[in-house]
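Trainee: Pasting in a structure now, in structure tokens, and then I'll have a few things to ask.
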Amino acid sequence: MEISIMKAVLEENDDRAQEITDLLKKKQILLLNLISSPGSGKTTLLERTVEHFKNRYSIAVIEGDITTARDAERLEKYNIPLVVINTDGACHLNSMSVKKALQKIDLDNLDIIFVENVGNLVCPSEFNIGENAKVAILSTAEGDDKPAKYPLLFRESELMILNKTDLIPYTNFNKKSFYMDLEKINKNLPVIETSCTKNLGLSKWFEWVEQKTIDGGVIK
Ligand SMILES: Nc1nc2c(ncn2[C@@H]2O[C@H](COP(=O)(O)OP(=O)(O)OP(=O)(O)O)[C@@H](O)[C@H]2O)c(=O)[nH]1
Ligand SMILES: [Mg+2]
């Protein structure tokens, strides 16, 4: 009897992710995949980022959310293309759903697509979605031990944002331990310290995004 073998979920995911990479390269669009625990500040960072770049780049956002469209509603004021992917319980986005979301966006004359992944520190890092880079966000209130406990995201990411630095005086976040752990996990990972609510450190993030558009060939 012939045995049929189904492609592993991750292999199928990687195939679709490659198609997204190829498509966006052709269209000269940068795709950044923002990953963090719930509440570390992904949507707030996006609000600041879209506000800053809205006259410079043509931006679209894909919001990964388990059920609601609340994050997308927060971005509606910027009048940019927004697509919500409700994962219906799944803890991460996959490339199949991102590919479908891309079909709802006019990719001509677009420069950057930000994807806000489902709030989760583990699963989203396992699924490539054809991004140019993953960006890890951690907030100080979550504890300095998170990179050591959940290392995959910090290995896979090209940039880390340490957000909510304004809260450090009210937490036991230990910067020394944090940087020592990170050095062991990924010594090449650049870290930008920010406070999205106090507008601190954001210019370094904006510079990083600009550099990434150059590296990613987003020059129309
Ligand atoms: N103190 C402080 N609060 C912040 C900062 N950035 C975001 N917040 C607050 O943290 C809360 C969660 O922020 P969000 O941007 O919704 O976080 P998120 O990562 O998008 O959350 P999910 O989409 O649920 O995963 C909100 O009340 C923000 O106002 C910051 O730098 N400092
Ligand atoms: Mg959010």
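Trainee: For the range 91-121, which residues satisfy the criterion of being buried (at least 16 other Cβ atoms within 10 Å of the Cβ), in a loop (DSSP other than H, G, I, E, B) and not hydrophobic (A, V, I, L, M, F, W, C)?
Mentor: His92, Asn94, Asp111, Asn117, Gly119, Asn120
Trainee: When the range 25-40 is examined, which residues are found to be crowded, with 22+ Cβ neighbours inside 10 Å and within 13 Å of ligand 2 (Cβ to nearest atom)?
Mentor: Selection gives Leu34, Ile35, Ser36, Ser40.
Trainee: For the range 122-151, give me each residue that is within 16 Å of ligand 1 (Cβ to nearest atom), among the small types (Gly, Ala, Ser) and not in a strand (DSSP E or B).
Mentor: Ser125, Ala141, Gly143, listed by residue number.
Trainee: Also: When Lys164 is evaluated against the numbered criteria (1) basic (Lys, Arg); (2) under 17 Å from Leu46 (Cα atoms); (3) surrounded by fewer than 20 Cβ atoms within 10 Å (Cβ to Cβ), which criterion, by number, is the only one it fails?
Mentor: Every listed condition holds for Lys164 apart from (3).
Trainee: May I pose another question? Mind checking which pairs have a first residue in the range 148-173 that is more than 24 Å from Ile129 (Cα to Cα) and a second that is among the aromatic types (Phe, Trp, Tyr) and outside any strand (DSSP E or B), Cβ under 8 Å, 6 or more apart or different chains?
Mentor: Taking only residues 6 or more apart or on different chains, the pairs are Leu167/Phe173.
Trainee: Using the structure shown, decide if Leu162 is within 18 Å of the chain's Cα centre (by Cα) and in a loop (DSSP other than H, G, I, E, B).
Mentor: No.
Trainee: Additional query: Test Asp22 against the criterion of being assigned to a helix (DSSP H, G or I) and away from ligand 2 (no atom under 13 Å from the Cβ), and give yes or no.
Mentor: yes
Trainee: Which of (1) under 17 Å from Leu32 (Cβ atoms); (2) surrounded by 13 or more Cβ atoms within 10 Å (Cβ to Cβ) is the odd one out, the single condition Ile185 does not satisfy?
Mentor: (1)
Trainee: Anything in the range 55-74 that is in a loop (DSSP other than H, G, I, E, B) and either surrounded by 19 or more Cβ atoms within 10 Å (Cβ to Cβ) or in contact (Cβ under 8 Å) with a residue 24 or more places away in the chain (or both)? List them, or say none.
Mentor: Tyr57, Ser58, Ile66
Coordinate-derived values only; no laboratory data. Remember, predicted model here, so these are calculated numbers, not experimental data. Glycine also receives a Cβ, built like all others from the backbone with ideal geometry; neighbour counts cover every protein chain displayed.
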